[in-house]
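Let me begin by presenting the structure, written as structure tokens, before commenting on it.
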Amino acid sequence: MKPGPPLDPRRYYTETIPLQFNGALDAQERLGEDGRDVYQAMRAVDASICIEVRGEGGGRFYLNIRAGRMSAGDAPAQAPFLTVVQDLPAFEKLAREAGDSALALLGGLSGLGGEMRLTRKRIESLGQLQGAVRFSVGGDHGFDLITHFGPGPVPERPTASIAVDEVAYRELRSGKLEPAEAFMNGQIKVEGDLRLAMQLALAALSVD
């Protein structure tokens, strides 16, 4: 993966991601009867996400989803069910890996998925989580990010930590490695609230 020119977090989260997200919704609709159930589940979503990119050039961005369509706003339309905190290197890595897919970015933010559609069922599952999870990828090109579920500010110390080595992370993202297998093999290490970490994995990887 070539480094490429620097990405602008503001443009990425306020323009690129909503455009890609809504494009994925339209693509699902074009599947017709074959994609009808998932399309309706995506259209049933009303939620807000907060993204915080720390460091010079970063900022705080709100992604509001109403009837399945995403738009960026200066404030959340409702209390965010998810707040993601990342520094600029983590943002760059995830954004480049996602390419032109907002669904792949959502999978990367979960730490364990490929593409992840936001359906009403998945939002309800994620909305039941309470606490902050630090996701860490080891290696020379590793990164950290924090996903915080529930209302209130992001705590200084996460409720749980999930650590994955760089090779396992790439295999998880490509679908070559199942999370359960990686956990059993010790390629995924969890500290703190194991129940929260497992609930996150189950919600992220649940059937659309």
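Keeping to the stretch 134-167, report how many residues are assigned to a loop (DSSP other than H, G, I, E, B) and out of contact with any Leu (no Cβ under 6 Å at 6 or more places or on another chain). Of the residues in that region, 15 qualify.
Look at the stretch 175-197: where a residue is within 19 Å of S136 (Cβ to Cβ) and without any contact (Cβ under 8 Å) to a residue 24 or more places away in the chain and a partner is of a type in the set (V, I, T) and buried (at least 17 other Cβ atoms within 10 Å of the Cβ), sitting 6+ places away or on another chain with Cβ atoms under 6 Å, you get A182/I188. If the condition is being crowded, with 17+ Cβ neighbours inside 10 Å and hydroxyl-bearing (S, T, Y), then the stretch 156-205 contributes T159, S161, Y169.
Of the residues in the stretch 88-108, none is over 22 Å from A27 (Cα atoms), assigned to a strand (DSSP E or B) and either among the hydrophobic types (A, V, I, L, M, F, W, C) or modelled with pLDDT of 85 or more (or both).
With respect to the conditions (1) surrounded by 16 or more Cβ atoms within 10 Å (Cβ to Cβ); (2) over 20 Å from A79 (Cα atoms), T147 falls short on a single one, namely (2).
Please work out which residue is surrounded by the fewest Cβ atoms within 10 Å (Cβ to Cβ), limiting yourself to the stretch 43-67 and to residues that are more than 16 Å from the chain's Cα centre (by Cα) and within 21 Å of G127 (Cβ to Cβ).
Applying the first criterion (more than 16 Å from the chain's Cα centre (by Cα)) to the stretch 43-67 yields 43-44, 46, 54-59, 66-67.
Filter again for within 21 Å of G127 (Cβ to Cβ), leaving 43-44, 46, 66-67.
Values: R43: 16, A44: 14, D46: 14, R66: 13, A67: 10.
Here the answer is A67.
Restricted to the stretch 16-35, and to residues there that are in contact with a Gly (Cβ under 8 Å, 6 or more places away or on another chain) and not acidic (D, E), the residue that is nearest to R69 (Cα to Cα) is L25.
The values are calculated or read from the model by the stated rules, or taken from the named source; none is laboratory data. Everything quoted here is computed from the prediction, not taken from an experiment. Backbone-built Cβ (ideal geometry, glycine too); neighbour counts: all protein chains shown.
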